[in-house]
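Written out below as structure tokens is the structure these notes cover.
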Amino acid sequence: MPQIPAPSRRGLLFGTAAVSAGALLTACTSNEPKKSDDAAADNAPVADDKPGKAVTIGFAGPQADHGWLNAINQNAKSRAEKYSDVTLEITEGSNDTAAQIGQVQTLINKKVDVLVILPADGKALTQVGLQAMKANIPVVNLDRIFASPQAYRCWIGGDNYGMGLNAGNYIGEQLKDKPDAKVIELAGLDNLELTKQRTQGFDDALKNFPNIRKVARQAADFTVESGQAKMAQLLQAQSQFDALWNHDDDQGVGALRAIAQAGRDDFLMVGGAGAKSAMDAIKAGDSVLKATVLYPPTMAASAIDLARALGQGKGVSGMAELEIPASLTLYSAVVTKDNVDEYLPTGFN
């Protein structure tokens, strides 16, 4: 899963960027997307989509042992296939740091034009990012950030703090008229900075609603099994509450199982990341799950766009600058029954 610093310390936020799922989703003030019938891979690309200079892009990511990570790989592949001038050299994902470093070094030795790297460990991969940049191969650092800005030309990733903030604000709006409302939180791995950021954003949002108290929090580990076990514990400990925020839709599958087994339907649930199963449940409207807050894997498609633009010496369409930005933070939209059809094409399995 992602591992980045808080957006207030990292990432340029552009309020007027497009909010269609495959475009660069940034700090807009509205959750409402532009109307579109296209899937993420078919949305308007960052740079000019007319064929240009041939570009070979090397792509290195971690092992796809989670639905979101698998969606990262699929988004990169499908985006590259859109371009007749792009060749994608993709490595077999690995969570072994030494193995991934070796894979990136192989891509450097092949003299690819641009590298897109989602590191298994940003700090550990920093040196190989520096190696690529020194070899005049620009690096697009995807989501988990390197320890030095000299190790990449452009960073693009999600907004963990924004996920929590938007989840909290959505829940707050639903409960703002309920006296002494109670909420609980099913977090991810507590040893990850991203989990702390999501919780901080959630807590900060709840400060806007003095009638709401967070009465319990339990950390899981992004798996179906952990979600089910930890949710069962929460349900046993909390006989009454009004809303649940779950950090991750994969562990949310397990959480929903525990909720169904307990026969509980007296609260609303908000998920996180944007899995297709979560969006399907939201659309069906037959469970406690009423919304999910995106951490869009379409960032990989946008990373391919940015890599192609770098390889062809182009900027970003719709911006005045000749160069692509140094940093792009994506917006964490809230998907509800009202807008789920717009986002369903981006849902991952």
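The values are calculated or read from the model by the stated rules, or taken from the named source; none is laboratory data. If you're wondering where the values come from, they're calculated on a predicted model, not measured in any experiment. Cβ: placed from backbone, ideal geometry, glycine included. Neighbour counts: every protein chain shown. Ligands, DNA and RNA are excluded from the accessible area calculation, which covers all protein heavy atoms including side chains. Shrake-Rupley method; radii C 1.70, N 1.55, O 1.52, S 1.80 Å.
Taking all protein chains together and rolling a 1.4 Å probe, M269 ends up with roughly 0 Å² accessible. Only protein heavy atoms count here; under a 1.4 Å probe, E323 has an accessible surface of about 120 Å².
In this Cβ point-charge picture (+1 for Lys and Arg, -1 for Asp and Glu), the chain has a dipole of about 640 debye about its Cα centre. Here the calculated FRET efficiency for D265 and K77, from their Cβ-Cβ distance with R0 = 51 Å, stands at 0.80, rounded to the nearest 0.05.
Label zone (D203, point 7 Å along Cα-to-C-beta; backbone nitrogen cut-off 12 Å) within the range 120-153: none. Kirkwood-type hydrodynamic radius, the range 128-194: 15.2 Å, calculated from all non-identical alpha-carbon pairs.
Per residue, the accessible area of the chain comes to 41 Å² when a 1.4 Å probe rolls over the protein heavy atoms.
Can you give me the Rg/Rh ratio for the range 117-238, using Cα atoms for both radii and the Kirkwood formula for Rh? When Rh is taken as the Kirkwood radius, the ratio is 1.13. Take the Kirkwood radius over Cα pairs of the range 198-349, plug it into Stokes-Einstein at 37 °C and 0.692 mPa s, and you get 190 µm²/s for translational diffusion.
Computed from the Cα positions only, the extents of the range 60-169 along the three principal axes stand at 47, 32, 24 Å, in decreasing order. A probe of 1.4 angstrom, applied to the heavy atoms of all protein chains, finds V224 with accessible area near 40 square angstrom.
Taking all protein chains as present, what is the carbon and sulfur share of the accessible area of the chain, in % to the nearest whole number, probe 1.4 Å? Here carbon and sulfur together make up 47 percent of the probe-accessible area.
Taking every alpha carbon pair in the chain, what does the distance histogram look like in 20 angstrom bins from 0, in percent? Percent of Cα pairs in each bin: 33, 55, 12, 0. For the chain, DSSP calls about 5 percent of its internal beta bridges antiparallel. When its C-alpha radius of gyration is set against 2.2 N^0.38 Å (N residues), the range 157-227 gives a value of 1.12.
Based on every Cα atom in the range 221-298, Rg and the maximum pairwise Cα distance Dmax equal 11.6, 38 Å.
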